[in-house]
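Report on the following structure.
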Amino acid sequence: MVAGETSGDLLASRLLSGLRPRLPGAYIHGIGGENMARYGFVSDWPMQKLSVRGLFEVLAHYREIKGIQIALRDQLLAERPAVFIGVDAPDFNLGLEAQLKAAGIPTVHFIGPSIWAWRGARIKKIARAASHMLVIFPFEEEIYREAGIPATYVGHPLAQVIPLQPDQAAARASLNLPLHARVLAILPGSRMSELKYNAAAFVAAASLLLQRDPGLTLIAPMAGQAQQRYFTELLAQAGLQDVPVTVLDGQSHTVLAAADAVLVASGTASLEVALYKKPMVIAYKMMAASWHVLRHMAYQPWIGLPNILAREFVVPELLQDAATPQALADALWLQLNDETNRLSLRRQFTDMHYSLMRDTAAESAHAVLQLIEQSHCAG
């Protein structure tokens, strides 16, 4: 198995929670994180080596990442595992999967790359790479099957983890926050490259909101201690070190449960916010050269998962040059203060939550075991 970042580690651990009881003696290894390790997963390389985002940012680390991919490929071709499971990280995993599949090793790709948002031509590459797709959004199964790729909709693991009715009071008590405080959660991303481009703009927006509401409480959960340190450094570099943001190591779900509104980078985190039924503003900034390329590859108007699932702009998206501190602050002010919008979003996000609920652990494990059995019989 290979997971390339924090969200992939969490999603992979859900699959392992269903697979490990069925394969108690199996040696499961590759690249992953702490959540996977709880199920006896052995990581041959640190997961952080793969946690790089953006076309040009990846180029700086290309030689090292490619070296890891080649070394892992050679190891697996010699070992011939019963199955290889790539969890997200499509730029790393799909190329590896294609080589393993060509050599007769069954491959599963867990979480379809967002071909419905970016890089639609990638479906041909997926057909060469994946023996079977495990998809986490209802509309994806048909897309892959029409392309001749076996696929199973297994629901979104986070829909199982996050309660349908989050307990805001308990979350606030856990974080030592007053019950009636106004809380803004700031989630600028889990990758260092995301923090680099998003952190200052996000906190500058929060600083503008404090001028309108000095009682606003700001909390920024980070994916780890390294991210926590880097976030603090970036604020100091931008002259924002005096903005009263509580920076936490982890606890993002507790923070989301406690929040009144959220400023969030696009990605899985935006779906987590929706599952916590919170008003939000989705924003994203990246290296200018990467943005120039990617914005011409999109063929639908949304990038945030809540909007993609709803097929409309239910929450604002402010991207790249549009994500100025003032624009972010203005959009957030409406999300914090419009009660009609809050109630409407809660209804829509509750419907979304139900649509994503399946026993992901059991269904994904069943699909993997079926593939192993089929390949064994064919062999």
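The values are calculated or read from the model by the stated rules, or taken from the named source; none is laboratory data. Here the structure is a predicted model, which is why all the values come from computation and not from measurement. Positions of Cβ are generated from backbone atoms using ideal geometry, with glycine treated the same way; all protein chains shown enter the neighbour counts. Surface accessibility is based on the protein's heavy atoms, side chains included, excluding ligands, DNA and RNA. Shrake-Rupley method; radii C 1.70, N 1.55, O 1.52, S 1.80 Å.
Within the stretch 264-277, one or more residues are modelled with pLDDT of 95 or more, over 15 Å from LYS196 (Cβ atoms) and of a type in the set (Phe, Trp, Tyr). Among residues of the stretch 261-278 that are free of Cβ contacts under 8 Å to residues at least 60 places away in the same chain, those with a Cβ under 8 angstrom from a residue that is aliphatic (A, V, I, L, M) and assigned to a helix (DSSP H, G or I), sequence gap 6+ or separate chain, pair up as SER266/LEU305; SER270/LEU305.
When the stretch 216-260 is filtered for residues that are touching a residue at least 24 places away in the same chain (Cβ under 8 Å) and in a loop (DSSP other than H, G, I, E, B), the ones remaining, listed by number, are ALA223, GLY224, ALA238, LEU240, VAL243, PRO244, GLY250, GLN251, ALA259, ASP260. Residues that are open to solvent by 20 Å² or more (accessible area, probe 1.4 Å) and not basic (Lys, Arg) number at least 3 in the following helices (runs of 4 or more DSSP H) confined to the stretch 81-158: 90-102, 140-146. For the stretch 122-150, the candidate set comprises residues that are modelled with pLDDT of 95 or more and of a type in the set (Gly, Ala, Ser); within that set, the residue that is farthest from VAL83 (Cα to Cα) is ALA129.
Within the stretch 167-186, residues that are open to solvent by 50 Å² or more (accessible area, probe 1.4 Å) have Cβ atoms under 7 Å from residues that are assigned to a strand (DSSP E or B) in these pairs: ARG182/LEU216; ARG182/THR217, counting only partners at least 6 apart in sequence or on another chain.
All of (1) at pLDDT 95 or above; (2) surrounded by fewer than 24 Cβ atoms within 10 Å (Cβ to Cβ) hold for ALA258 with one exception: (2).
Got at least one residue in the stretch 357-369 being free of Cβ contacts under 8 Å to residues at least 60 places away in the same chain, in a helix (DSSP H, G or I), out of contact with any Phe, Trp or Tyr (no Cβ under 6 Å at 6 or more places or on another chain) and over 17 Å from ILE282 (Cβ atoms)? No; the residues of the stretch 357-369 include none that is free of Cβ contacts under 8 Å to residues at least 60 places away in the same chain, in a helix (DSSP H, G or I), out of contact with any Phe, Trp or Tyr (no Cβ under 6 Å at 6 or more places or on another chain) and over 17 Å from ILE282 (Cβ atoms).
Selection of the stretch 166-215 for residues being more than 17 Å from GLN335 (Cβ to Cβ), touching a strand residue (DSSP E or B) at 6+ places or on another chain (Cβ under 8 Å), of a type in the set (Asp, Glu) and in a loop (DSSP other than H, G, I, E, B) yields an empty set. ARG346 falls short of the stated requirement of being free of Cβ contacts under 8 Å to residues at least 12 places away in the same chain and either under 16 Å from TYR197 (Cβ atoms) or surrounded by fewer than 21 Cβ atoms within 10 Å (Cβ to Cβ) (or both).
Would you point out the residue of the stretch 261-273, among those that are part of a helix (DSSP H, G or I) and of a type outside the set (S, T, N, Q), that is surrounded by the fewest Cβ atoms within 10 Å (Cβ to Cβ)? Restricting to residues being part of a helix (DSSP H, G or I) and of a type outside the set (S, T, N, Q), the top hit is GLU272.
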